[in-house]
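The values are calculated or read from the model by the stated rules, or taken from the named source; none is laboratory data. No experiment lies behind these values; they were computed from the predicted model shown. Methodologically, a virtual Cβ is constructed for each residue, glycine included, from the backbone with ideal geometry; neighbour enumeration extends over all protein chains shown. Surface accessibility is based on the protein's heavy atoms, side chains included, excluding ligands, DNA and RNA. Shrake-Rupley method; radii C 1.70, N 1.55, O 1.52, S 1.80 Å.
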Amino acid sequence: MTRTALLVTRSDDNQSVALVTAALEARGARAFRLDTDRFPTEVQLALHQPRGRSILRTAAGELVLGEVDAVWYRRAAIGAGLPEDMDRQLRDAAVKESRATLLGMLEALGCFVMDRVSTVRAAEHKPRQLELACELGLDVPRTLTTNDPDAVRAFWSACGGRVVVKALSSFAIHDPDGREQVVFTTQLAAEDLAHLDQLALAPMTFQEHLAKAIELRVTLIGERVFAAAVNSQALERSRVDWRKAGGELIGAWTPHALPAEVAARLLQLAARLGLSYGAADIVVTPDGRHVFLEINPAGEWFWLDDVFGPRALSTAIADTLLGARR
């Protein structure tokens with residue numbers, strides 16, 4: 001009997017979904033793509049409860065939810081296709097109801113889900129990640145999240161003036177022309193200390209600026225660990241945040257022999273967070289410390305798919321969804 005995987009994403013997603021679709025189909029499985037931004041305007045859902053025959057219908061076909069064997073939750077933009085000229089209050093209500101409907105449907109499915117939305121949301125909290133990582137024996141950097149200027153000044157002194165500023169949440173700023181300006185991790189300069197009164201508008205996260213030999217993206221898929229390394233110090237723009245030169249570094253990633261105890265602790269961390277998938281960021285210092293920064297429950301991986309062999313990561317995701325490697 002053909003196994004079915006529901007792939008939850010958005011229509012403007014990158015090639016990750018196509019890569020996993022190909023891996024699933026190569027194993028004889030059916031991959032059904034749900035572009036969440038097309039709900040409710042183009043995608044139809046009939047959710048019959050309790051235990052009724054529920055149907056999800058897209059332009060590509062129809063899916064009986066009771067026949068779904070696994071779900072890959074990757075991205076969501078529910079209600080994004082609703083008309084922008086709707087009354088603002090009505091549009092907000094429509095988005096809220098659409099989210100409650102679709103996310104409720106996903107939570108109600110009794111099959112394997114990588115990972116449930118509720119689990120992803122809980123796992124995203126960076127302070128929780130750092131506490132758990134420390135508890136499990138991972139090396140973590142000194143970190144301060146605050147809106148107290150005096151606390152920042154004391155932290156600056158304790159770190160010898162080597163401090164970076166980062167965001168706890170993911171967001172982007174758009175310029176007047178609508179171009180997205182990603183908010184990267186940046187170094188806190190001495191002159192910035194004169195403007196800490198702006199913390200009254202929003203807290204920020206400050207972290208000791210680590211010396212870097214290389215940086216790692218460690219992708220955890222089921223019980224498998226794929227560690228890739230990049231020399232972020234090779235380019236000026238990528239020294240504080242490698243994502244600033246992500247395109248230039250895309251071909252520079254290589255496999256990294258992660259110490260066994262670090263790999264084991266990362267898997268323990270994912271388990272404590274309830275994750276079957278995670279993308280962890282680690283700094284390797286010149287003296288060999290592997291310092292954990294964070295784990296992204298739905299972090300990107302597509303540019304690393306061939307680093308460990310042809311289509312290694314998309315294959316591992318497909319195998320995990322089909323139960324071959326969990």
**Request:** Mind listing just one residue for me: the one in the range 245-288 that is among the hydroxyl-bearing types (S, T, Y) and over 25 Å from W72 (Cα atoms) and, of those, most open to solvent (accessible area, probe 1.4 Å)?
**Result:** T254
**Asked** Looking at A100, is it touching a helix residue (DSSP H, G or I) at 6+ places or on another chain (Cβ under 6 Å) and either of a type in the set (D, E) or open to solvent by 30 Å² or more (accessible area, probe 1.4 Å) (or both)?
**Response** no
**Message:** Yes or no: the range 306-324 includes at least one residue that is in contact with a Lys or Arg (Cβ under 6 Å, 6 or more places away or on another chain), of a type in the set (D, E, K, R) and crowded, with 19+ Cβ neighbours inside 10 Å.
**Reply:** no
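Residues are listed down the side, and each one gets a yes or a no for (1) more than 15 Å from the chain's Cα centre (by Cα); (2) part of a loop (DSSP other than H, G, I, E, B); (3) farther than 13 Å from L138 by Cβ:
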| site | (1), (2), (3) |
| --- | --- |
| L258 | yes, yes, no |
| L266 | yes, no, no |
| R272 | yes, no, no |
| L275 | no, yes, yes |
| A279 | no, no, yes |
| P286 | yes, yes, yes |
| D306 | yes, yes, yes |
| S314 | yes, no, yes |
**Any chance S118 is surrounded by fewer than 12 Cβ atoms within 10 Å (Cβ to Cβ), at pLDDT 95 or above and of a type in the set (S, T, N, Q)** = no
**Asked** Restricting attention to the range 1-43, which residues are closer than 15 Å to L321 by Cα and of a type in the set (F, W, Y)?
**Response** F32
**Request:** Output the residues belonging to the range 225-244 that are outside any strand (DSSP E or B) and open to solvent by less than 50 Å² (accessible area, probe 1.4 Å).
**Result:** S232, S238, V240, D241, W242
**Message:** Any residue in the range 236-263 that is under 15 Å from V291 (Cβ atoms) sitting within a Cβ distance under 6 Å of a residue that is buried (at least 19 other Cβ atoms within 10 Å of the Cβ) and among the hydroxyl-bearing types (S, T, Y)? List the pairs, counting only those 6 or more apart or interchain.
**Reply:** W242/S232
**Message:** Kindly evaluate V64 against the criterion of being open to solvent by less than 50 Å² (accessible area, probe 1.4 Å) and over 19 Å from the mean Cα position of the chain (by Cα).
**Reply:** yes
**Asked** List, please: which pairs have Cβ atoms under 9 Å, are six or more places apart or on different chains, and start with a residue in the range 1-16 that is free of Cβ contacts under 8 Å to residues at least 60 places away in the same chain and end with one that is basic (K, R) and part of a strand (DSSP E or B)?
**Response** T2/R30
**Fill in**
Of (1) open to solvent by 20 Å² or more (accessible area, probe 1.4 Å); (2) within 25 Å of the chain's Cα centre (by Cα); (3) not small (G, A, S), L106 satisfies every one except (1)
